[in-house]
């Protein structure tokens, strides 16, 4: 696989990553260990987690379980030094964490808990899971209203968090910092505050990005390209919608849609129509549509690393078979035509 740098951090990773948010819910520990073995053998060495995982479903009693499962793998395989480990501190959007702020040492305290669960002494990339402001992730774009916010309070929060991140870096507990579910304004301000000497520069932004969800193209793409930030693209298969498993209105037993109906707005009628069009393009190109959807990230005008996940080893095996796939210019043009015909399908 192609190697990319996480922003300007000096950390180099493959251009595809393993997501772990079902480890401990849909994916039992033994199966999760098997998936990590498979990913490592295939050269996928950037793994992404979060203190609030697993999801599908999310539950108060399982918070931290995905990190714990990664930690048990590191302990049993002694493979920590072979992996670039990314995780996230949960923000105010998670009801199971309470209405906590990132202020006042929250980030440092959460990092210490994650380090214990992960059985490691350092996190390579430590990310803020959600902004502590209005944002447009997860279909909030349809009613996004950033008015009424105090920009001075937002900047003060950033300085507080950057100070905590600086301490974690100085203590050797974090190598680089990143964002998630951020906006263009927020990302630019984080970079400004770091440039002013308030803490480490954010290396990455982890936002939803796929053939079906291309909000990133309209604003953050310029920030990423101009500032040398790397996009870590979550839900690159739109939570399984792009695989075609939900064609004709079917909902397979054990699928994400069987647990979370509608998959947070992704399983919309127009999305199913768009998937059919993308599958036809893949068929014409004699390409697995899953491989096409992931390889498409290599065509973007900014560094985009898709974070794929799987609930079973069989699903992961299908993904890993396409790690070297590419999208030539003629195929990229056909993909663009489908996007124009089916924009913003959810």
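Nothing in this text is a laboratory measurement; each read-out follows from the coordinates by a stated rule. Note that this is a predicted model, so its numbers are computed, not measured. For neighbour counting, all protein chains shown are included, and Cβ atoms are generated from backbone atoms with ideal geometry for every residue, glycine included.
A few notes on this one:
- Relative contact order (%) - criterion: Cα under 8 Å, at least six apart; region: region 9-151: 22 percent
- The candidate values are [x] 19.8; [y] 18.5; [z] 16.2; the one derived from this structure for mean projected area of the Cα convex hull in nm² carries the label [z].
- Förster radius 45 Å - calculated FRET efficiency between residue 30 and residue 264 (Cβ-Cβ, nearest 0.05): 0.95
- Relative contact order (%) - criterion: Cα under 8 Å, at least six apart; region: the chain: 18 percent
- The packing ranking of peptides 192-199, 86-93, highest mean first, is 86-93, 192-199, where packing means the average number of other beta carbon atoms within 10 angstrom of each residue.
- 222 nm mean residue ellipticity, helices alone, for the chain (DSSP H n ≥ 4; -39,500 (n - 2.57); rounded to 500): -11500 deg cm²/dmol
- The long axis of helix 184-195 is offset from the longest Cα principal axis of the chain by roughly 40 degrees.
- Relative contact order (%) - region 86-164, alpha-carbon pairs under 8 angstrom, separation at least six: 38 percent
- Taken as Cα centroids, region 250-307 and region 71-108 sit 28 Å apart, rounded to the nearest whole angstrom.
- Crossing angle, helix 329-341 versus the chain [Cα axis fit, 0-90 degrees, rounded to tens]: 90 degrees
- Estimated distance in nm for a label pair at residue 140 and residue 214, the labels positioned 7 Å out from Cα along Cα-to-Cβ: 2.5 nm
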